[in-house]
Amino acid sequence: MADDGAGRPFAGLRVVDASRVLAGPFCCQMLADMGADVIKIESPGGDENRSWPPLAENGISSNYASVNRGKRGLTLDLKTAAAGEILERLIARADVVVHSFLPPTARRLGLDAEALRARYPRLIVCTISGYGTEGPLADKPGYDLMVQAFGGAMSVTGYDDGPPVRTGVSFVDMSTGLSAYGAIATALYQRGETGEGTWVRASLLETLVAELGYHAVGWLQAGELPVKQGSGAKGLAPYQAFRCKDGHILVGAPNQGAWDRLCNALGDEALRTDPRFADNPSRVENLAALSALLEAHFLTREAEDLAALLERHAIAVSPIQSIDQLMAHEQVRANAMVVETSDGAGRAWPLVGAPFKVGDSAAGDRAPPALGEHTDEILSTDLGLDAAEIARLRAAGAV
């Protein structure tokens, strides 16, 4: 049986998740974390990211597991009429439908927002696309990497003399999931006021353009084209990674007060009074010389000792951690960003927690579903089909 989400904000909310890969599934995972009953719809072959490495010991893709916690899983072959009828019955009792079908496919399946809203006026339909619902690329599929390139992110990532570099995390996909979640929550609030559902639209491109922030506004307002940022931000200094005795450390002193405190921490009055570094514009202009002088100090110290020194002087500083260091850190654990779940065989399966908390609500502990794990449960308990009807659906290849 489904977790009823008792005590969580979206308890009783019914969601049909017909999206795939990362953005839509991440959105729906957060809805599940907040108490919604989310049914994950997959083709008989499964969401494509089920096979993407790395694979956990139980053979499940970590990519898939990262965005499908808390859901019930149902397989439907939507090439069959019977599967389409099952999906229609699920949608009829749902509050929210999320899908990432390309527009021609959605229209063919009768899942375009206009058709769904005409049949179910209270339904909130969330469509997630690569490039938005309007314009010449509206029907173009989009992956995180392609949109990082198209959307300008790669033009400001890496070093001036290096090739194009992808950001190491799928931030466009994941941020689009967050945007879609916020939009759905907004639409649910609106429905509470009006009684009417609406069409929620999110896309990787729109998310990335919004995230360009001051880079995009700087071009629009001042004609300033941003360049690759390296480990810091081009307009601030010092504000980057520096070498120290046992590796690298991130140090930031982007305002005058912080600069004075940094010089005091290092005991270098000559550095503080050097006219080349009198203010932030001067430090940016003379960054190469400044970096060399700072590294001469930092290379005499180990990262942990240097961080402790700078923190005592209220200087922004951070170690450059690997993922294993991060996930073991007490700060991550204290904020419930590691969730302990177990799969159907009872094996422990740690996952990443929810990125926000609402009251006492936190990420649920239901593991991601095995392919079609809850098919019989959903067909029988939710839709009232008997064993013979389910057997006929299986024989027909619909589920």
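The values are calculated or read from the model by the stated rules, or taken from the named source; none is laboratory data. Model, not experiment: these values are computed from the prediction. Every residue, glycine among them, receives a Cβ derived from its backbone with ideal geometry; neighbour counts consider all protein chains shown.
What to note about this one:
- Check on Gly384, in the same structural domain as Arg72 (by TED's automatic domain parsing) and farther than 25 Å from Ala65 by Cα: yes
- Filter result (over 30 Å from Val352 (Cβ atoms) and in contact (Cβ under 8 Å) with a residue 40 or more places away in the chain) within region 82-113: Ala82, Ala83, Ile86, Arg89, Arg93, Ala113
- Within region 368-375, one or more residues are touching a Lys or Arg at 6+ places or on another chain (Cβ under 9 Å), surrounded by 14 or more Cβ atoms within 10 Å (Cβ to Cβ) and not in a loop (DSSP other than H, G, I, E, B).
- Look at region 185-205: where a residue is in contact (Cβ under 8 Å) with a residue 60 or more places away in the chain and in a strand (DSSP E or B) and a partner is surrounded by fewer than 17 Cβ atoms within 10 Å (Cβ to Cβ) and of a type in the set (Ser, Thr, Tyr), sitting 6+ places away or on another chain with Cβ atoms under 7 Å, you get Arg201/Thr133.
- Residue ID - surrounded by the fewest Cβ atoms within 10 Å (Cβ to Cβ), chosen from residues in region 178-211 that are under 16 Å from the mean Cα position of the chain (by Cα) and over 16 Å from Gly132 (Cβ atoms): Gly182
- The residue pairs whose first member lies in region 305-320 and is over 13 Å from Phe242 (Cβ atoms), whose second member is in a loop (DSSP other than H, G, I, E, B) and of a type in the set (Val, Ile, Thr), and whose beta carbons are closer than 9 Å, counting only pairs six or more residues apart or on different chains, are Leu309/Ile315.
- Qualifying residue in region 142-157 (condition: surrounded by fewer than 14 Cβ atoms within 10 Å (Cβ to Cβ) and part of a loop (DSSP other than H, G, I, E, B)): no
- Scanning region 193-245 for residues that are modelled with pLDDT under 95 and of a type in the set (Asp, Glu) yields a single hit, Glu224.
- Here Gly213 meets the list (1) touching a residue at least 12 places away in the same chain (Cβ under 8 Å); (2) within 25 Å of Val227 (Cβ to Cβ) almost entirely, failing just condition (1).
- Long-range neighbours under 9 Å by Cβ, at least six apart or interchain, first residue in contact (Cβ under 8 Å) with a residue 60 or more places away in the chain within region 26-54, second of a type in the set (D, E, K, R) and in a helix (DSSP H, G or I): Phe26/Asp173; Ile39/Asp382; Glu42/Arg50
- Any chance Thr341 is surrounded by fewer than 18 Cβ atoms within 10 Å (Cβ to Cβ), of a type in the set (S, T, N, Q) and either touching a residue at least 60 places away in the same chain (Cβ under 8 Å) or not assigned by TED's automatic domain parsing to the domain that holds Met30 (or both): no
Condition check ((1) within 15 Å of the chain's Cα centre (by Cα); (2) within 15 Å of Leu371 (Cβ to Cβ); (3) surrounded by 15 or more Cβ atoms within 10 Å (Cβ to Cβ)) across all residues:
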position: Ala11; (1), (2), (3): no, no, yes
position: Cys27; (1), (2), (3): yes, no, yes
position: Gly35; (1), (2), (3): no, no, yes
position: Val38; (1), (2), (3): no, no, yes
position: Ile41; (1), (2), (3): no, yes, yes
position: Pro53; (1), (2), (3): no, no, no
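- Selected residue [assigned by TED's automatic domain parsing to the domain that holds Gln29, assigned to a helix (DSSP H, G or I) and either within 21 Å of the chain's Cα centre (by Cα) or under 22 Å from Cys27 (Cα atoms) (or both)] from Ile378, Ile390: Ile378
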